[in-house]
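Working notes, beginning with the structure itself.
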2 protein chains.
Amino acid sequence: MKAIEIIQKELKLVDFPIPEPGPGEVLIKVKATAINRADLMQKNGLYPPPPGASQIMGLECSGVIEKIGSNVSLRREGEEVCALLSGGGYAEYVTCPEEQVIPVPKGLDWISSASIPEVYATCWLNLFMEANLKAGEKVVFHAGASGIGTAGIQLCSNFGCESFVTAGSQEKIDFCTNLGASGGSIRGGKIFDDIDEWSPDGVNIILDPVGGKYLEDNLKVLALEGRLVIIGLMGGAKADLNLGHLMIKRQKIIGSTIRARSIAAKGFVMKELENKVWPLFDKGHLKPIIHAVFDLEETEKAHQLIEENKNIGKVVLKVG
Amino acid sequence: MKAIEIIQKELKLVDFPIPEPGPGEVLIKVKATAINRADLMQKNGLYPPPPGASQIMGLECSGVIEKIGSNVSLRREGEEVCALLSGGGYAEYVTCPEEQVIPVPKGLDWISSASIPEVYATCWLNLFMEANLKAGEKVVFHAGASGIGTAGIQLCSNFGCESFVTAGSQEKIDFCTNLGASGGSIRGGKIFDDIDEWSPDGVNIILDPVGGKYLEDNLKVLALEGRLVIIGLMGGAKADLNLGHLMIKRQKIIGSTIRARSIAAKGFVMKELENKVWPLFDKGHLKPIIHAVFDLEETEKAHQLIEENKNIGKVVLKVG
């Protein structure tokens, strides 16, 4: 099969053997895959795949189940599915534990179906499971026009919550408010003053891919019993923390990644998506936000687009 | 009525009017009250009572309900009760929302009953509700011989968890291990190396009254998906935080206090204690740990004992 290999930080389409599904795994003939920031880090040697994962990049895909391994009970050959992968998506075939695979939402094409597993799993896990988001609460998404941001805004609207974004341009802010965000602020300006003005009593949850640079200000605009979920370190890892503020405000700082979690944990999230989120795609209440589609051999170009922060929503790779 | 007043940082027994129970409140004739570190801070002007709370110190008591206010439905006159107070316990009478009052455990005397509300509410709230402690997990208590530590050790044993303590002397460590802790380490020594040796895969929860000074080491000995609950700042509020570590380990830092929480929140904790913890006192599976008992007029002496870190468990004040 054809797949993308990282050769001295360059991306080449080369031949690989088709992988064999092990016990509890399925083999998926990939129709489309999508790009995540973790892939860019992996390309640059900064994010080695977890033990046992494919060396090939790609954390999500859509496709058809071509073959099932032994002890597979949830899935069957021929099913049209989405998958949350621990790697291997930039390829014509990929294997994956059956728990991480669910049917595609009704009426969504391969491109759309490939764009949703990672961002919706990340948002569901962090907003609803880790941070225990409840109807009526207020959420801030830094990098609001990202795949995660655009998924998060829509989840908030659908579950009775308000959201506010920070992003790199007015165009991105406008896109987010059209999508359902109550407001936004341009990075480089007084974003925390604007958050404070949007919600003078503080916000309940912040989903933050920035980290160190924002920590102190994030905690300041967080409400009593607010939750700050750190999902990235684009602004560095080191920060000064005032535990007195954290205690008096009864706040939580939650560190979170999804990739290295157990199969059972990922399976639980996917089951939640199937039951609670996929029906919202079926009804048209949620829509995939796709910035651009490239062929697999154009992966380098697709990465560059994300590297330059030009995208609103996801960048997808069409396979085969 | 007689009550303790702070007059220029000295404690005097003086006359106060008996308070009137408002709507939803009960008036308790206090039989005993107990000392908490927050009282020492309040005495020194470092911990002003929350809005609406009594200016008199004292966060817990045992006693008899003397009178009920309007709209009281859960409690009745003459009941023998324990209460979690937002202040006012160092007195012959105190008023309190009925939600924060539950019957004394069977067979416990007034002294014992006064020693348990605050430490068991704190442990239940932070271990089970905030940090979601589950059977089989491992917990570290810094200041393990304190009221909170000695309550926490016993809760761990009763709910299928192991615990490890740090404390100021071998005598305190021995007391804790006799009470059910699996091990301990003397403060000033290599406590974090000892924790690491006790649980090489990390510990699941740390209940920490120290704060800044311990933060980095606490996170190092915390397991994957571990929870650090900050309940005090005896080692300062400021700390350096490495968010990369927090993310990779998927850890949580939780700031927590109980005093300023809503009546409903405190009521929920007390209901949990009544249903899940008080029966363990009834059966003799839990025992109050009382270091010393003083008369109300000796409050100054009682405070000094705690200030000097000499106590193992609670220091109680007998009233009337």
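Converting phi to 3J(HN,Hα) with the Karplus coefficients 6.51, -1.76 and 1.60 and the offset θ = phi - 60°, segment B:145-155 yields 8, 6, x, 5, x, 5, 6, x, 4, 5, 4 Hz in sequence order, with x at every glycine or proline.
Viscosity 0.890 mPa s, temperature 25 °C: give me the Stokes-Einstein translational D for segment A:119-255 in µm²/s, with Rh taken as the Kirkwood radius over C-alpha pairs. Answer, rounded: 170 µm²/s. Residues whose amide H lies under 5 Å from that of residue B:314, counting only those 5 or more places away or on a different chain, are B:289, B:290, B:291; hydrogens are built 1.01 Å from N in the peptide plane. As a calculated quantity, the FRET efficiency between residue A:216 and residue B:158 at R0 = 41 Å, using C-beta atoms, amounts to about 0.55.
Taking a point 7 Å from the Cα of residue B:304 along the Cα-to-Cβ direction, the residues of segment B:24-43 with backbone N closer than 20 Å to it are B:34-43.
Which lysines does residue A:249 reach when only Cα atoms under 18 Å apart count, and residues fewer than 8 places away in its own chain are ignored? Partners found: A:138, A:220, B:238, B:252, B:266. Taking the Cβ-Cβ separation of residue A:248 and residue A:174 as r and a Förster radius of 35 Å, what is the calculated FRET efficiency to the nearest 0.05? Rounded to the nearest 0.05, the efficiency is 0.40.
Spatial offset of segment B:34-58 relative to segment A:173-191 amounts to 44 Å, using the alpha carbon center of each.
For segment A:65-106 versus segment B:99-153, the inter-centroid distance based on Cα atoms is 47 Å. A Förster radius of 30 Å, combined with the Cβ-Cβ distance separating residue B:44 from residue B:194, puts the computed FRET efficiency at roughly 0.40.
Please arrange B:176, A:161 by how many other C-beta atoms lie within 10 Å of their C-beta, fewest to most. Provide the component values of the computation, followed by the final result.
Details: B:176 27, A:161 22.
By the 10 Å Cβ count, ascending: A:161, B:176.
Using Cα-only point scatterers and the Debye equation, what is log10 of I(q)/I(0) for chain B at each q in 0.10 Å⁻¹, rounded to two decimals? The Cα Debye sum returns log10 ratios of -0.55. The GNM of chain A, with springs linking C-alpha atoms under 10 angstrom apart, assigns the highest mean-square fluctuation among A:74, A:286, A:246 to A:74.
Projecting the alpha carbon convex hull of the protein assembly as shown along each direction and taking the average yields 30.4 nm². The Cys residues in chain B with no partner Cys Cβ within less than 4.7 Å of their Cβ are B:61, B:82, B:96, B:123, B:176. A viscosity of 1.002 mPa s and a temperature of 20 °C, combined with the Kirkwood radius over Cα pairs in Stokes-Einstein, give a translational diffusion coefficient for segment A:5-122 of 150 µm²/s. Qualifying GluC sites (Glu not before Pro) in segment B:29-117, where qualification requires a DSSP coil assignment and no more than 14 other C-beta atoms within 10 Å, comprise B:77. GNM remark for chain A: springs join alpha carbons under 10 Å apart, and the peak mean-square fluctuation among A:173, A:68, A:18 falls on A:18.
Compared with the dominant Cα axis of chain B, that is its longest principal axis, helix B:263-272 is turned about 70°. Shown here for segment B:50-86: trypsin sites (Lys or Arg not before Pro) in loop regions (DSSP other than H, G, I, E, B) with at most 14 other Cβ atoms within 10 Å, namely B:76. For segment B:1-121, the dipole from Cβ point charges (+1 on Lys and Arg, -1 on Asp and Glu) about the Cα centre works out to 220 debye, to the nearest 20. Taking a straight Cα-Cα cut-off under 24 Å and skipping sequence neighbours fewer than 8 places away in the same chain, the lysines within cross-link reach of residue A:12 are A:2, A:29, A:31, A:43, A:301, A:310, A:314, A:318.
Peptide A:230-237 shows a mean partner chain C-beta count of 3 within 10 Å per residue C-beta.
When the trypsin sites (Lys or Arg not before Pro) in segment B:94-139 are filtered for DSSP coil states and for at most 14 other beta-carbon atoms within 10 Å of their beta-carbon, the remaining sites are B:106, B:134.
When the Cα gyration tensor is reduced to axis lengths a ≥ b ≥ c, the ratio a/c is 1.5 or higher for segment B:83-179, and with a/b above b/c it is classed as prolate.
For chain B, the longest principal axis of the Cα atoms and the long axis of helix B:170-179 meet at an angle of about 80 degrees.
Each Cα pair under 8 Å and six or more residues apart adds its sequence gap; the mean of these over the residue count of segment A:119-255 is a relative contact order of 21 percent.
Could you work out the mean count of beta carbons from other protein chains within 10 Å of each residue's beta carbon in B:252-259?
Going residue by residue through B:252-259 and averaging, the value is 6.
With N as its number of residues, segment B:197-320 has a Cα radius of gyration that, divided by 2.2 N^0.38 Å, comes to 1.34.
Bear in mind that the values in this text are calculations on the coordinates, not laboratory data. None of the values given here were measured: they were computed from a predicted structure. For neighbour counting, all protein chains shown are included, and Cβ atoms are generated from backbone atoms with ideal geometry for every residue, glycine included.
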